[in-house]
Amino acid sequence: MRWWIYVFVFVFAVSCAPHGGKEKAVEKPQERIVSRDEAIGDLPCFKCHSLQRFSSPQKGVFSHALHRDTGYHCNQCHSFQAHHFIKTNTSLCNDCHTLKTFTYTASGFPAKFNHDTHAKLGCKECHTGVFQMKKGSSAMTMDAIYHGRYCGACHNGKKAFGSSECALCHEMKAFKKTITYKVEGIGNTAFSHEFHTQVFSCDQCHPKTFEMKKTSKKMTMDAMYTGKYCGACHNGKDAFPSTECIKCHKT
């Protein structure tokens with residue numbers, strides 16, 4: 001009976017043994033390399049929206065074309081949700097740009113700006129509607145800011161502190177010294193910014209009464225008596241009258 005077991009094992013081993021000849025190799029499909037432009041063009045956004053709008057460089061505006069050419073893909077900066085706000089990953093900006101604190105020195109009244117603090121609001125709050133994407137492209141004036149342009153778009157006393165609170169942005173060191181005006185026929189007169197800013201806010205004098213720079217216009221006492229220049233306040237009501245000469249002029 002045992003010999004039947006041996007026969008069965010032998011037949012099973014022969015039937016399971018590999019047959020002669022080589023197995024036919026299965027050919028893998030050739031991998032198709034997708035170009036960068038194809039990958040970007042296949043994003044769902046461009047099924048409806050024009051790719052051209054995001055491909056052309058524009059001066060002073062964020063250039064998608066320039067950043068694409070440096071090797072970045074759209075989804076490295078944006079989190080896509082159809083017809084919803086596209087969240088922007090601003091941390092990548094610091095890889096090339098120094099978006100820290102810098103100082104505007106366009107006038108004699110330097111102002112510090114901190115990108116890190118403002119970036120929490122999101123880039124689109126300022127760029128490119130309020131500011132162009134290029135340093136120095138905006139010729140800012142305090143008059144424009146008071147009218148809601150540039151920094152004044154937010155610093156209006158509602159969204160953020162008012163633009164009249166100058167010391168929060170500007171370095172006031174240069175304005176602690178007394179300015180001396182030379183006057184012919186009578187003693188020179190001295191003006192103290194430090195004293196006046198303890199009583200008045202900057203926008204009460206600038207730029208309506210005085211320009212935001214050392215005036216080139218010749219001030220006259222006749223003009224002051226009619227409420228111009230210093231006479232806007234020194235009228236005997238808001239402050240002592242401009243007729244009290246010795247309070248300002250050094251005889």
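Brief remarks follow.
- I246 being surrounded by fewer than 13 Cβ atoms within 10 Å (Cβ to Cβ), outside any loop (DSSP other than H, G, I, E, B), modelled with pLDDT under 85 and of a type in the set (V, I, T): no
- Condition met for K135 (among the charged types (D, E, K, R), under 16 Å from the mean Cα position of the chain (by Cα) and modelled with pLDDT under 75): yes
- Some residue of region 38-51 being loosely packed, with under 11 Cβ neighbours inside 10 Å and either at pLDDT below 70 or of a type in the set (K, R) (or both): yes
- Scanning region 110-120 for residues that are in contact (Cβ under 8 Å) with a residue 24 or more places away in the chain and farther than 13 Å from L168 by Cβ yields P110, A119.
- Applying the criterion of being assigned to a helix (DSSP H, G or I) and modelled with pLDDT of 85 or more to the residues of region 138-148, the residue that is surrounded by the fewest Cβ atoms within 10 Å (Cβ to Cβ) is A144.
- The listed residue being of a type in the set (A, V, I, L, M, F, W, C), at pLDDT 85 or above and in a strand (DSSP E or B), out of F113, F195, F161: F113
- Every listed requirement among (1) without any contact (Cβ under 8 Å) to a residue 12 or more places away in the chain; (2) assigned to a loop (DSSP other than H, G, I, E, B) is met by I186 save one, (1).
The values are calculated or read from the model by the stated rules, or taken from the named source; none is laboratory data. Worth saying up front: this structure is predicted, and the values here are computed from it rather than measured. All Cβ positions, even for glycine, are placed from backbone atoms using ideal geometry, and neighbour counts span all protein chains on display.
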